[in-house]
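These notes are about the structure you will find just below.
No value in this document is a laboratory result; all are computed from the given coordinates. Just so it is clear, the model here is predicted, and its values are computed rather than measured. A quick note on method: Cβ atoms are made from the backbone with ideal geometry, for glycine too, and the neighbour counts reach across all protein chains shown.
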Amino acid sequence: MRPAAPWRNPIINLLPPSHCLSCGAQVDAATCVDNKEDDKPASGDVTVCLYCGHIMAFAEDLSLRELTNEEAREVAGDKRILAIQRARRKQYDS
Ligand SMILES: [Zn+2]
C-alpha cells in the first residue's frame, strides 16, 4: 500500500491568533508546503492567507507582517506560492 500523499494529511502548526493584514480573517494555524514535522513557522517565513490570497511574512512573535520590498521581489513567481494561489482559488472562489 502506498503512503498517503502529504497534502491529504497535512501537518498543522498552531499559531498565536493573528489577523490577515488584507481581509482581517483570523489566522491561528499554518501548514508548511514541504510538510515536514520539524518545519514550524519562524520569523521571516512567507505565508499566504487562504481566505484572500494575501502574501505576508511571520514577525518575530509569529504575528503577521507585510513583506518588505526585497521579500516581495524574492517570492514573485515562486512556484510554491503560485500553486497555493491556484489551489486556494479552486477551493474558495468556486
Ligand atoms: Zn486574507
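Each residue in segment 77-94 was checked for being surrounded by 11 or more Cβ atoms within 10 Å (Cβ to Cβ) and not in a helix (DSSP H, G or I), and 1 pass.
Of the residues making up segment 22-65, those that are surrounded by fewer than 17 Cβ atoms within 10 Å (Cβ to Cβ) and either in contact (Cβ under 8 Å) with a residue 60 or more places away in the chain or within 12 Å of the ligand (Cβ to nearest atom) (or both) are Ser22, Cys23, Gly24, Ala25, Gln26, Tyr51, Cys52.
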